[in-house]
Amino acid sequence: METLQIGEYLAEQHRQMPAGVARALHERYSRYLAVSPSFGPPGFYDLRASDWVGQIVVDDFTIKIEPKTPVPNLFHMLTYAYNLDVFRKEEADRLESSELFECIVLMFLRRVEDLVRKGIGHGYVVLEENEHFLRGRLQVKEQLCRNAVTQHRFCTRHDEFTADISDNRLLKAVLFMLSRLPFVRPDLRPRLRRLLHAFDEVALWPIRDADFERVPYSRLNEHYRPMHKLARLLWRHCSLDDRVGNHPSASYLLHMYDVFERFVATYLEERFSGTRIGVLSQCEIPLDSGGHVKGVPDLVLQVDGQHAMVLDTKYKLPGTRPSNDDFYQVITYCHTLGLDNGMLVYPGRQEPQEFGFKDIRVRTLPLDLEGAVDQFKQRCAEFAEQLEEMVIPMLAPMRQPTQQFGT
């Protein structure tokens with residue numbers, strides 16, 4: 001298998017690859033990776049990555065889009081962004097390779113293997129069947145409708161104790177999907193096949209992301225929750241196409257913009273829980289008097305229940321400053337809510353800055369995502385402390401807001 005590595009936001013020029021692979025990449029993955037023919041002889045292509053990271057496999061050709069953020073730091077961000085708090089302390093420092101996807105798969109496998117050793121869960125399900133013998137309760141209405149002539153059959157309804165329950169179906173669906181993906185580690189696919197065999201009693205059904213929300217947890221199946229969280233993360237970001245034209249493909253891709261936005265929101269929500277500072281996330285507000293134009297600030301910080309600051313997260317290349325449009329957006333939100341203070345948060349090492357726009361101040365607060373994971377965790381704590389020092393002294397807004405929300 002041939003592998004091509006490219007960094008997040010970087011470009012590779014004049015790289016050789018089969019024409020069919022290049023065509024499949026362009027048709028299926030152009031949102032994540034731009035591919036265009038190079039000047040010169042045929043069979044060479046230019047590639048440009050965006051803010052999506054992960055890997056794409058077409059035929060036997062693998063493209064790895066490496067994140068600029070170190071893998072341990074990125075995983076720490078994921079534990080906040082996707083509610084994987086149970087893995088934050090016990091797993092984050094045990095990442096065994098630079099392959100983030102395989103690290104997550106390995107964590108998932110370890111949990112499921114432990115489940116199989118202890119015995120997968122069983123539960124009662126209600127079955128309605130038309131059988132040759134009477135078992136459970138006879139469904140009289142169904143019996144008269146379906147078996148008026150064939151009186152040797154019985155429409156029954158009964159409870160059955162089985163492993164074929166939603167808890168296990170979710171795991172099996174993700175195990176099956178993973179078993180068809182390529183891996184660098186040679187032991188992963190055999191382990192996946194062994195686990196699938198352990199779930200033979202469980203039906204393989206198509207699942208959707210919303211199915212993970214519908215699981216009712218209790219003391220009997222609470223131990224499934226961490227596995228379901230990892231399974232959902234894998235399910236959300238994996239894609240498997242048996243055919244793209246004549247070329248099978250698979251991918252695991254993370255949108256760093258989304259990860260960064262989710263991470264900042266959840267980190268601050270947890271950090272400020274139980275304090276004077278409240279965090280409102282992704283609340284829609286009307287920007288015009290008629291309510292026809294909507295806006296969604298990433299975060300609105302409150303002090304003692306009163307709106308104090310608009311905070312917008314912008315994932316950018318390290319060293320890149322916010323654009324004019326970024327400032328316009330925050331100013332619009334501040335004006336709409338009658339707030340004097342806004343903030344732009346983005347990756348980087350620059351010093352915080354402050355900009356005045358008539359009666360509105362917009363600050364920038366970079367957060368460095370690089371370095372060792374312990375250093376990154378410390379910077380996150382310092383970032384929250386800086387934010388707290390800025391927000392706490394703020395009084396209730398003096399100007400009259402044009403719109404209200406979140407009250």
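The values are calculated or read from the model by the stated rules, or taken from the named source; none is laboratory data. None of these values were measured; they are calculated from a predicted model. Here the Cβ is made from the backbone with ideal geometry for all residues, glycine too, and neighbour counts use every protein chain on show.
What do you reckon, is residue 194 at pLDDT 95 or above and out of contact with any Leu (no Cβ under 7 Å at 6 or more places or on another chain)?
Numbers: at pLDDT 95 or above: yes; out of contact with any Leu (no Cβ under 7 Å at 6 or more places or on another chain): yes.
The answer is yes for residue 194.
Filter the stretch 332-390 down to the residues that are part of a strand (DSSP E or B) and basic (Lys, Arg), then identify the one that is surrounded by the most Cβ atoms within 10 Å (Cβ to Cβ). Explain how you work it out, then say what you get.
Looking only at the stretch 332-390, we keep the residues that are part of a strand (DSSP E or B), and these are 341-347, 353-357, 360-367.
Narrowing the set further to residues that are basic (Lys, Arg) leaves 361, 363.
Values: 361: 17, 363: 19.
Among those that are part of a strand (DSSP E or B) and basic (Lys, Arg), it is 363.
Between 347, 352, 366, which is modelled with pLDDT under 90 and either in contact with a strand residue (DSSP E or B) (Cβ under 7 Å, 6 or more places away or on another chain) or farther than 16 Å from residue 269 by Cα (or both)? Reasoning before the result, please.
Working: 347 fails: modelled with pLDDT under 90; 366 fails: modelled with pLDDT under 90.
Checking each option against the conditions leaves just 352.
When you look at residue 179, is it of a type in the set (Ser, Thr, Tyr), surrounded by fewer than 15 Cβ atoms within 10 Å (Cβ to Cβ) and either within 29 Å of the chain's Cα centre (by Cα) or modelled with pLDDT of 90 or more (or both), yes or no? Don't jump to the end; show me each part of the working.
Details: of a type in the set (Ser, Thr, Tyr): yes; surrounded by fewer than 15 Cβ atoms within 10 Å (Cβ to Cβ): no; either within 29 Å of the chain's Cα centre (by Cα) or modelled with pLDDT of 90 or more (or both): yes.
In short, no.
Please go through the stretch 281-325 and give me each residue that is part of a loop (DSSP other than H, G, I, E, B), in contact with a strand residue (DSSP E or B) (Cβ under 8 Å, 6 or more places away or on another chain) and hydroxyl-bearing (Ser, Thr, Tyr), ordered by number.
Selection gives 315, 320.
Could you tell me which numbered condition residue 62 fails, if it satisfies all but one of (1) touching a strand residue (DSSP E or B) at 6+ places or on another chain (Cβ under 6 Å); (2) without any contact (Cβ under 8 Å) to a residue 60 or more places away in the chain?
(2)
Out of all the residues in the stretch 207-228, which are buried (at least 20 other Cβ atoms within 10 Å of the Cβ) and either more than 17 Å from the chain's Cα centre (by Cα) or among the charged types (D, E, K, R) (or both)?
Once the filter is applied, which keeps residues that are buried (at least 20 other Cβ atoms within 10 Å of the Cβ) and either more than 17 Å from the chain's Cα centre (by Cα) or among the charged types (D, E, K, R) (or both), the stretch 207-228 yields only 224.
Looking only at the stretch 38-59, count every residue that is without any contact (Cβ under 8 Å) to a residue 60 or more places away in the chain, touching a Phe, Trp or Tyr at 6+ places or on another chain (Cβ under 7 Å) and either closer than 28 Å to residue 69 by Cβ or exposed (fewer than 14 other Cβ atoms within 10 Å of the Cβ) (or both) and tell me the total. Steps first, please.
The first filter runs over the stretch 38-59 and keeps only residues without any contact (Cβ under 8 Å) to a residue 60 or more places away in the chain, leaving 38-50.
From what's left, touching a Phe, Trp or Tyr at 6+ places or on another chain (Cβ under 7 Å): 38, 49-50.
Remaining after also requiring either closer than 28 Å to residue 69 by Cβ or exposed (fewer than 14 other Cβ atoms within 10 Å of the Cβ) (or both): 49-50.
Result for the stretch 38-59: 2.
Given 138, 95, 100, which one is over 26 Å from the mean Cα position of the chain (by Cα) and modelled with pLDDT under 90? Walk me through how you get there before you give the answer.
Values: 95 fails: over 26 Å from the mean Cα position of the chain (by Cα); 100 fails: over 26 Å from the mean Cα position of the chain (by Cα).
Step by step, each of 138, 95, 100 is checked, and only 138 is over 26 Å from the mean Cα position of the chain (by Cα) and modelled with pLDDT under 90.
Among the numbered criteria (1) closer than 26 Å to residue 394 by Cα; (2) over 21 Å from the mean Cα position of the chain (by Cα); (3) without any contact (Cβ under 8 Å) to a residue 60 or more places away in the chain; (4) surrounded by fewer than 21 Cβ atoms within 10 Å (Cβ to Cβ), which single criterion is violated by residue 306?
Checking residue 306 against (1) closer than 26 Å to residue 394 by Cα; (2) over 21 Å from the mean Cα position of the chain (by Cα); (3) without any contact (Cβ under 8 Å) to a residue 60 or more places away in the chain; (4) surrounded by fewer than 21 Cβ atoms within 10 Å (Cβ to Cβ), the one that fails is (3).
When the stretch 261-283 is examined, which residues are found to be touching a Ser or Thr at 6+ places or on another chain (Cβ under 7 Å) and without any contact (Cβ under 8 Å) to a residue 12 or more places away in the chain?
Matches in the stretch 261-283: none.
Restricting to strands (runs of 3 or more DSSP E) lying wholly in the stretch 2-59: which have 3 or more residues that are within 21 Å of residue 182 (Cα to Cα)? Before you say what the answer is, go through the steps one by one.
Numbers: elements: 2-7, 11-16, 33-37, 44-49, 52-58.
Filter on the stretch 2-59 gives 2-7, 52-58.
If you check 255, 237, which single one turns out to be over 29 Å from residue 388 (Cβ atoms) and within 21 Å of the chain's Cα centre (by Cα)? Full working, then the answer.
Numbers: 255 fails: over 29 Å from residue 388 (Cβ atoms).
Answer to the selection: 237.
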